[in-house]
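The values are calculated or read from the model by the stated rules, or taken from the named source; none is laboratory data. Just so it is clear, the structure is predicted and the values come from calculations on it, not from any experiment. Note that each Cβ is placed from the backbone with ideal geometry, even for glycine, and that neighbours are counted across all protein chains shown. To get the accessible areas, we keep the full protein, side chains included, count just its heavy atoms, and leave off ligands, DNA and RNA. Shrake-Rupley method; radii C 1.70, N 1.55, O 1.52, S 1.80 Å.
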Amino acid sequence: MGEFSAAEMMIVAAARELAGKRVCFVGVGLPNIACNLARRTVAPELHLVYEAGVFGARPARLPLSIGDPTIVTGATAAVSMFELFSFYLQGGLVDVGFLGGAQIDRHGNLNTTVIGDYSAPKVRLPGSGGACEIALNAREILVIMRQSRRSFVDRLDFTTSPGHVPGLARAGDGPSAVVTDLAVFRFGADGEMELRSLHPGVTLEQLQAHMAWEPRRSDPVPETEPPSREELRLIREELDPQGIYTRS
């Protein structure tokens, strides 16, 4: 299969985090590919939930948006967004939620609202959508996002979805893992992000250049297991054959 891209490594690492899971709340893009890869490998019983109102989807092709008709392919149920959030998510039926963001801090808090001052932002982002509700109600949260100093920051410009907040009683109690194009992070007992593995070819110096703080880590830092031939085949031939999300 040859070399793999940073996006392919990120997808594979995220998919492995879903081993044995049954119900996952997911969006489009990289999280969607990761979930469908997991369903074909480490989580064959995985049911995909999309905020448009679809439970147990088996998309026939790569969805282009959350409203793409393909997300209802083979679905267990297609309901209203109100019913999905009220009866499935808030009802405690979602094992894991996939989130991303423009910014994340060392405690897993996420910003998808604005860059800059809220009253006069430099960039206005899509907002919360269902992200805050997913962060609060899913039993576990996984974060997948590309890593840079602009995204891994000391202080968020706006907190859209809470991470590990002391004293806040929630179902998931913050993200369990953060998967980037450089590494895999988890969280310590005090809720601070810890480096758990570096992707093949990535150095500590490169990682540090792409985040605003020095993460806790072991010495030496383990290397993330590279994608297998079968994982790459599934991504390239079945899940994203046009390379829309996986070229870089």
Backbone N within region 21-35 under 20 Å of label point (7 Å from residue 79 Cα along the Cβ vector): 22-27
Mind checking which of 121, 232, 245 is farthest towards the positive end of region 116-248's charge dipole, using Cβ charges of +1 (Lys, Arg) and -1 (Asp, Glu) about the Cα centre? 121
Once you charge only the Cβ atoms, +1 for Lys and Arg and -1 for Asp and Glu, what is the size of the charge dipole of the chain about its Cα centre, to the nearest 20 debye? 300 debye
Extension gain, residue 189 back to residue 128 (0.36 nm per residue minus Cα-Cα distance, nm): 19.3 nm
Around residue 218: net Lys/Arg minus Asp/Glu count, Cβ-Cβ under 9 Å: +1
Between region 143-159 and region 33-96, what is the separation of their alpha carbon centroids in Å? 26 Å
Starting from the Cα of residue 203, step 7 Å along the direction of its Cβ; do the same at residue 247; then give the gap between the two resulting points in nm. 2.9 nm
Region 112-248, dipole about Cα centre (Lys/Arg Cβ +1, Asp/Glu Cβ -1), debye to the nearest 20: 360 debye
From the phi angles alone, apply the Karplus equation (6.51, -1.76, 1.60; θ = phi - 60°) to region 198-211 and give each ³J(HN,Hα) in whole Hz, x where the residue is Gly or Pro. 9, 5, x, x, 8, 9, 4, 5, 5, 4, 4, 5, 10, 8
Computed [θ] at 222 nm, helices only, for the chain once each DSSP H run of length n ≥ 4 contributes -39500 (n - 2.57): -4000 deg cm²/dmol
Residue-normalised value, i.e. accessible area per residue, for region 109-248 at 1.4 Å probe, in Å², stands at 51 Å²
Based on the Cβ-Cβ distance of residue 148 and residue 61, what FRET efficiency does E = 1/(1 + (r/R0)^6) give at R0 = 25 Å, to the nearest 0.05? 0.25
